[in-house]
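Nothing in this text is a laboratory measurement; each read-out follows from the coordinates by a stated rule. Since the model is a prediction, treat every value here as computed from it, not as a measurement.
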Amino acid sequence: MAAVLLCCLLAAGAFLGARALAVSALCDVTASLGFKNCLVVGSPSNEAVQALHTSGVPYQMELWRSSDGSIWGPWTIYSTSTQGVALSLSGAITMQVDNLGTGSPSRYSTAMN
Amino acid sequence: MTRRRMVAAVIAIVVVASIAGVAVGAFRNVGPGDGARPLSAPLSGAPWLVQPTGSPSLSHVAIRDSVQFPAGVSYARALSELYVSALGAGDIPADAKLVAPLPRGIVLERPADPRTGITVSLVAPWGYAEDGAILAPWVEFPSDVSSDEALARMARADQEGRVLPEGAIVAVPALRPCQISIGTPGPSAGCALADGDGAP
């Protein structure tokens, strides 16, 4: 019985461990300071970002991998709707937001998993 | 082995098998990345799909055929069809056809003749940034969907093998006028890039 329970626990653990945990953060971005690092996740599968006020629009979002300097984007967003990008990236990925000089500071909701 | 232990063992085997089955098929990664998914010839190596080391520059990628849609299909609908077919089946939409390449800097050609459908670049269908970085596609959720909820919906779509998450639409970029051609574009049409390389 103990062996059966151990097996189930190990399987459940492997299953949960195979998924990147979701990480989210509110990111306050000051105008005229370029891109701000908002969130870092290892090998993310998805990312989502939302400007929480119209004063923070338009804004740009990009993804940066510090290990080799790779940058994806920037995407320029003109809406307060949540934007999502499906990913297939390896390594530690930093989500960065630039509020393009508007609504200083501007608050953004960021998330990756 | 007692009857109770046998029942427990069977239940355990069923649970473990179902968990393992879900975990193996849980994720179908799409979007910018290493291009592990199989792609048809028109999309193979497409710089907006395959981005292993960042968004490639428009100046440094090869020209490729464009995709023309039937008359009446809008740019928004064209992108939606392209997103679903490319990230799903790995191919261009069934109702679209391959046509000659657009000039490097042109993302969208609106025909002078309305009986002809629009043509979308397969180099950068979602456009490119001012520095020439080719943008990967993305989706947009209703305003009342938080980023956390959007992420959860994207994860569920991955698990269930769906390209579009619940409630999401394919995002349409705000193209600059220099990225759009009305009628057949000239060979040097397109935006000057901030990296100093003009669109040839």
Self-check item: Cα extents of segment A:19-113 along the three principal axes, largest first (Å)
Solution: 34, 24, 18
Self-check item: Amide hydrogen neighbours beyond the local backbone of residue A:93, cut-off 5 Å, H modeled
Solution: A:41, A:42, A:43
Quiz prompt | Estimated vicinal HN-Hα couplings, Hz - segment A:65-70 in sequence order (Karplus 6.51, -1.76, 1.60; Gly, Pro = x) | solution = 10, 5, 4, 10, x, 5
